[in-house]
1. Which percent, to the nearest 5, of DSSP beta bridges fully inside the chain are antiparallel?
2. Over all directions, how big on average is the projection of the convex hull of the alpha-carbon atoms in segment 206-334, in square nanometres?
3. How big is the Cα convex hull of segment 87-240 in projection, averaged over all directions, in nm²?
4. Suppose every Lys and Arg Cβ carries +1 and every Asp and Glu Cβ carries -1, with no other charges. What dipole size does segment 195-259 come out with about its Cα centre, to the nearest 20 debye?
5. Would you indicate which of (i) 16.0; (ii) 22.6; (iii) 18.7 is the value of mean projected area of the Cα convex hull in nm² derived from the coordinates of this structure?
6. Just the accessible area for residue 261, please: 1.4 Å probe, Å², rounded to the nearest 10?
7. Among 336, 259, 68, whose Cα sits farthest toward the positive end of the charge dipole of the chain (+1 at Cβ of Lys/Arg, -1 at Cβ of Asp/Glu, about the Cα centre)?
8. So how strong a dipole does the chain carry about its Cα centre when Lys and Arg Cβ are +1 and Asp and Glu Cβ are -1, to the nearest 20 debye?
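The values are calculated or read from the model by the stated rules, or taken from the named source; none is laboratory data. What you see is a predicted model, and the numbers here were worked out from it, not measured in a lab. Cβ: placed from backbone, ideal geometry, glycine included. Neighbour counts: every protein chain shown. In case anyone asks, the SASA skips ligands and DNA or RNA and just uses the protein heavy atoms, side chains included. Shrake-Rupley method; radii C 1.70, N 1.55, O 1.52, S 1.80 Å.
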Amino acid sequence: MAGFRDGSKTRIVAIAFFASSAAIPGTLASLSLAAPTLAETWPTRAVTMVAPGAAGSSVDVVARILAPPLSEALGNQVIVENVGGAGGMNGAARVAKAAADGYQFVLGHSGTHAINQTLYKHPLYDAAVDFAPVALIAELPIVLIARSSLPVGNLQAFVTYAKANQAKMQYASPGAGSTVQLACALLNATIGVDVTHIPYRGGGPAMQDLIAGRIDYQCVTTAAALPQIESKMVKPLAILTRDRSPILPSLASAHEQGLSDFEVVSWNALFLPKGTPKPIIQRLNGATIAALDTPVVQARLHDNGATVVAPERRSPEYLQKFVTSEIEKFAASIRASGLSME
């Protein structure tokens, strides 16, 4: 160090040091430009899409339609895993508590992210806070169907029959707290009947018992009802919406048949855990939009009774506002009906 005491040498060393330092930012900048971004590198392995319902349920059907195009767009396999129970809350809760790294996301629906927030006294999560919204995907009208031998042909006749026979009637659902169970419960409350609810472990067994005549009626998505309606194994009575569905254009809506403004619509949307980095959210949103714009996906969703939402409704920001408004909408109906679950 003694050899560096000379003033001229000190100046030379200083100049060399600062010259080298001045070159560092440019070097770092070039390195940062060359480094791949998080959105470009994610995912590096398989990703799990949780379908909060049993195999064969409407949410399962939509999940399995989306998985192949999402896998292609993301460059890694998207694995569908069915996690049912508590009206879908068990599956959604698993994702809410998962690591915010993008490797688990949930195909939520109106039950998991709107209805259950009020229907259950102690919901397993806050749907408006505990998730990172990705994209609203599709809406599925709900249809009231009855066993083929029920002596009614439309909603008005059903109301008359149910009021006279409610003590001995039963309605089915794929599980307590599901969107379709709430649809029937709200319908019963609206028309003033008290009918016994029989919850099943999934939509398949419930539909089988309706076809067999062991159950009187149920409310199901058009995706689940279409095959049975087309084969005349069940009797469609009303679409539970204000307007007719393009999926079943000849079936009158509940509003048309005297239940003014009665509407329960199921929907599906993708959610990541809260705190997921924005580049991952944007990458999954882009892959989802690309999948929804595929003619094959649109055709398969339509064939299963689902309507793809318009492009302006597919952003994370729109989904966040939509979930909040849906929670408020269903809360008013649930509280007015007096329905509640533990």
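1. Values: 25 of 41 bridges.
Counting DSSP beta bridges with both partners in the chain, the antiparallel share is about 60 percent.
2. Averaged projected hull area, Cα only: 10.1 nm².
3. Values: hull surface 38.9 nm².
Mean shadow area of the hull around the Cα atoms is 9.7 nm².
4. Values: 6 positive and 5 negative charges, 16 e Å.
So the dipole magnitude of segment 195-259 works out to roughly 80 debye.
5. Evaluating mean projected area of the Cα convex hull in nm² on these atoms matches (ii).
6. It works out to around 100 Å².
7. Projecting each Cα onto the dipole axis, the largest value belongs to 68.
8. Details: 26 positive and 24 negative charges, 112 e Å.
The calculated dipole for the chain is roughly 540 debye.
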